[in-house]
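This report concerns only the one structure given below.
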Amino acid sequence: MGEAAKWNIMNKIKSLVLAIALFVAGAAQAQFSQALSDYEYMFKVEAGYAPYVSNLGHPGEYGYYINDLRHTTGINVINGVCIKQDFFVGLGLGYNYVAAPAHFKNGWHSAMAFIDFDFRPLDVEFAPMIIGKLGASYMMGDTPYGNTIAPYAEVGLGINWYYNHVLSNMERNNRSIFLEVAFAYTQQTTFLPVRMGWRF
């Protein structure tokens, strides 16, 4: 085999090795720094306790005077989208049960539907969060109108724990456990919901 043929084979081998090296490097780069989607479907489940704070109605007047309602427990299920790992918005369904007093008549069980959002301004393992809900509730007062739907609004603060935060730079990983405290208003009545939830 002549020198020209050997030189040609060596060049082909070098080109092949270089092509393989570039392919491996490109695959590794794509693995660790690929552009990830800004949107990810998420599911939230939360449960908590909402003590009664105050009522703005008056006995004997039209409206919702919940003079007996003091404490409710509830659970919410929410489907939504997480945007850039910081902002979540979704649609939720909730169920509330009047825990005390036992003689409360028009509101033992009540459903609610709402738009849910939360925002985590810091990308850290334990991230503060701002939360809110806006929807409608059947959490009824003791009135002659029976069960009537009414607007529901809530705003609050919380702490969010990304329990797999070490992987957050390699893949979308928004799974977390959170604790939140909020101020809620419905039917001329205010509550202070305290909840714990799981986002996955």
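The values are calculated or read from the model by the stated rules, or taken from the named source; none is laboratory data. Only a predicted model underlies this, so the values are computations on that prediction, with no experimental measurement involved. Heads up, the Cβs are rebuilt from the backbone with ideal geometry, glycines too, and the neighbour counts pull from every protein chain shown. Accessible surface is based on the protein model in full, side chains and every heavy atom, while ligands, DNA and RNA are left aside. Shrake-Rupley method; radii C 1.70, N 1.55, O 1.52, S 1.80 Å.
Quickly run through the stretch 49-92 and pick out the residues that are among the hydroxyl-bearing types (Ser, Thr, Tyr) and either surrounded by 15 or more Cβ atoms within 10 Å (Cβ to Cβ) or at pLDDT 75 or above (or both).
Quick first cut of the stretch 49-92, residues among the hydroxyl-bearing types (Ser, Thr, Tyr) only: 49, 52, 54, 62, 64-65, 72-73.
Of everything in the stretch 49-92, those that are among the hydroxyl-bearing types (Ser, Thr, Tyr) and either surrounded by 15 or more Cβ atoms within 10 Å (Cβ to Cβ) or at pLDDT 75 or above (or both) turn out to be Tyr49, Tyr52, Ser54, Tyr64, Tyr65, Thr72, Thr73.
When Met112 is evaluated against the numbered criteria (1) modelled with pLDDT under 60; (2) within 18 Å of Ala136 (Cβ to Cβ); (3) open to solvent by less than 30 Å² (accessible area, probe 1.4 Å); (4) not hydroxyl-bearing (Ser, Thr, Tyr), which criterion, by number, is the only one it fails?
(1)
Go through the stretch 162-179 and count every residue that is more than 19 Å from Ile83 (Cβ to Cβ) and either modelled with pLDDT of 90 or more or crowded, with 16+ Cβ neighbours inside 10 Å (or both).
Going through the stretch 162-179 one residue at a time, the tally reaches 2.
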